[in-house]
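Have a look at the structure below, then the notes.
The values are calculated or read from the model by the stated rules, or taken from the named source; none is laboratory data. All values derive from a computational prediction rather than experimental measurement. As a convention, Cβ positions derive from the backbone with ideal geometry for all residues, glycine included, and neighbour counts pool all protein chains shown. The protein model used for the area step is the full one, side chains on, heavy atoms only, and it has no ligands, DNA or RNA in it. Shrake-Rupley method; radii C 1.70, N 1.55, O 1.52, S 1.80 Å.
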Amino acid sequence: YEYGLLGGCAIDATGRSLPDETLDLCRRSDAILFGAAGGPKWDNVAPAERPERALARLRKEFDLYVNLRPIRGRKSLAPTLPLKDRLIGEGIDFLIIRELAGGLYYGEPRGVYQDADGLRGVNTMVYTEREVERVVRQAFELARNRRKKVTSVDKENMLEASRVWRQVTLRVHKEFPDVELDHLLIDACAYIMILDPSRFDVLVTGNIFGDILSDEAAVIVGSLGMLPSASWGDGKPALYEPVHGTAPDIAGKGLANPCAAILSAALMLRHSFGLEAEAKSIEAAVDAAIDAGLRTGDIKQDGMKTVGTAEMTNAILSNL
């Protein structure tokens, strides 16, 4: 592996949030294992150079249209989870598939304008048949290797883009007669995710809805510090990153939960390199450390040992 700069550290070193050197390095690589970008230090840079836009550019450059977030609520973490025990049961286990390269975050026109009513902010939600088809097909393929159920989430009753989403999803479903399909509106889905998370197996949705729902799901499984993600397209490289941000309030203090980053590396081994046994061994080592009662501050419990980043990492390594 090689290191590249992206985001705030890249701005400090080069003046650009996504230097050409980093982009060239990514093009030569089979996978990208990403940390986090952003922080208040760079809030006042030009909008095009904001750290978060660099990540968006990376996703767009490699057409990373699938974002996978495995949602696992471990039974051993039940006392820290906001849900009642009866909802957690033996654990929560579903996938969120978020379309990542289109929708409201990339639609044109966009911008801030001045008119007779003052400032006007414009963003455009656009989805083409091709964009919807390719991501929902990935959801159906993943469901075939799980419990064979896909839930498609849209706002079909209000948004034309969602009507296209639902029509295309229904058409693609005909290719997967062994997989069950149901539909939920985004507001109903947010409600049901709290009320009955075990209902879901594979959930597929558009960019902005997936952004919101996956963070909601992170909360119900304990912490953003437990949530990895993978993003891929039809070629190389794929991108793997923890869902959490930079957490500048605790940066450099040895307090951060390393599990999401470590689990993102496991996803990398599985999806980019086909190393399933190795991926499972990392995931099992994380589970073993959690089951042994080690807790970073974001998942701390009474009576459990609260540890820092290094100690949690060493505990995971000792279980490999």
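Hand me the list of helices (runs of 4 or more DSSP H) wholly inside the stretch 208-320 holding 1 or more residues that are modelled with pLDDT under 95.
Answer list for the stretch 208-320: 259-273, 276-291.
Please find, within the stretch 230-268, the residue that is farthest from GLU311 (Cα to Cα) out of those that are crowded, with 23+ Cβ neighbours inside 10 Å and touching a Cys at 6+ places or on another chain (Cβ under 9 Å).
Among residues in the stretch 230-268 that are crowded, with 23+ Cβ neighbours inside 10 Å and touching a Cys at 6+ places or on another chain (Cβ under 9 Å), the one farthest from GLU311 (Cα to Cα) is LEU239.
Determine if the stretch 154-173 includes at least one residue that is surrounded by 18 or more Cβ atoms within 10 Å (Cβ to Cβ), under 21 Å from LEU95 (Cβ atoms) and within 20 Å of the chain's Cα centre (by Cα).
yes
Keeping to the stretch 102-122, report how many residues are open to solvent by less than 80 Å² (accessible area, probe 1.4 Å), outside any strand (DSSP E or B) and farther than 30 Å from VAL221 by Cβ.
Final tally of qualifying residues: 2.
Can you tell me which residue within the stretch 79-101, out of those that are part of a helix (DSSP H, G or I) and of a type in the set (A, V, I, L, M), is least open to solvent (accessible area, probe 1.4 Å)?
ILE88
How about the stretch 302-320: which of its residues are surrounded by 12 or more Cβ atoms within 10 Å (Cβ to Cβ) and small (Gly, Ala, Ser)?
Those that are surrounded by 12 or more Cβ atoms within 10 Å (Cβ to Cβ) and small (Gly, Ala, Ser): GLY308, ALA315.
Looking for something in contact (Cβ under 8 Å) with a residue 60 or more places away in the chain, in contact with a strand residue (DSSP E or B) (Cβ under 8 Å, 6 or more places away or on another chain), closer than 30 Å to ALA292 by Cα and of a type in the set (Val, Ile, Thr) - is there at least one such residue anywhere in the stretch 147-160?
The answer is no; no qualifying residue exists.
Which of the residues that make up the stretch 26-62 are assigned to a loop (DSSP other than H, G, I, E, B) and basic (Lys, Arg)?
Selection gives ARG28, ARG50.
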